[in-house]
Ligand code: PAF
C-alpha cells in the first residue's frame, strides 16, 4: 500500500490510474470501515482510503485532541484489506491556512438529530469531504449507513453540487448481539457492553411494528425512549423519519428509525431502514 501524506504526490500517483473508489475515514478503524474497503474493491481499479482527524467537525466541547490516533494499526488493517493507496495528510497539508470557505448544508438537514446536539458538525464534515473529493478525484465514494445523517447530507451535497461521484452506502456491521460496531464501543464497561444491544433491539421492535402496519409513530418513539430511560440510559432521541431528508414522515416515503442515547459516559447511535 502506498502512503501519501502530500496532496501533490497522491495526485501524481493517481494520474491515469483508472477508476478510483474512495473511503474517507478519521482512522481508529474497526470492522465496519474494513467492510467498506472491501466493498470499494468491487467498484474500481484503485481503492484509496484517507485518514485525517478533521478539526472542523469537532465542537468546542468535543475533545479533538483526545480522538484516538492508531495510525500503525490502521495501516496494517488497510494493507490486509487490499487498499492500494492511503492519503494521510497532517493538518498543515489539509489546512495550511485557516479554512475560510465552507460548505453550508441545508439547515433543515443539519439542525436535527445529531446536528441538534453537535452544532456545526455536518458543515465541518461536508467541507472536509468536498476538499478530499477535490484532492482524490474519485469515481465512487463509500460511507457507512451507521452515520445515517452524514450519509444523507453528503449524498445531497454530491447531487446538488453536481459532483461527478457516485455515493455508495455500506451496511452497518453488527456484533452477534446486534450492537452496531463503533469506535466508541471500546469505551463501554463490561456491564454497559452487556446492556448496549438494547438500542438495536428497540429499533428492530419499531421496524417490526411498522412493518405490521402500526402507524402510531409518536407512541412507538415515546415507548422506546421510556424503555431506555428505565434501564439507565440518557436518551437523546428515537425518531422515525423519511430516509431522503430525515424530516417527519409524509405520504409513503421510505422510512428509517434512528436512535441516540448515552449509556454511562458513552454516547451510542444506531438506525434501521424500515
Ligand atoms: O465518518 C467519518 O469518519 C468522518 O466524518 C469523515 C467522513 C471521514 C469526514 O471527516
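Points to keep in mind about this one:
- Contour excess over end-to-end distance, with Cα ends at residue 69 and residue 201 and 0.36 nm allotted per residue: 44.4 nm
- Shape summary: the chain maps onto an equivalent ellipsoid whose semi-axes, from the alpha-carbon gyration tensor, are 32, 20, 18 Å in decreasing order.
- Of the peptides 53-63, 240-250, 140-150, 118-128, the order by per-residue mean of other Cβ atoms within 10 Å, starting with the highest, comes out as 140-150, 118-128, 240-250, 53-63.
- Mean Cβ count within 10 Å, highest first, over the residues of peptides 200-209, 11-20: 200-209, 11-20
- Each of residue 161 and residue 223 was given a label point 7 Å from its Cα along the Cα-to-Cβ line. The distance between the two points is 4.3 nm.
- Considering helices alone, the calculated mean residue ellipticity of the chain at 222 nm is -11000 deg cm²/dmol, with DSSP H runs of length four and up weighted by -39500 (n - 2.57) and normalised per residue.
- Helix axis angle, 148-160 relative to the chain longest principal axis, alpha carbon, degrees: 50 degrees
- The C-alpha atoms of the chain define a longest principal axis, and helix 71-80 lies at about 90 degrees to it.
Values in this text are rule-based calculations from the coordinates and carry no lab data. Only a predicted model underlies this, so the values are computations on that prediction, with no experimental measurement involved. Neighbour counts run over all protein chains shown; Cβ positions are idealised from the backbone, glycine included.
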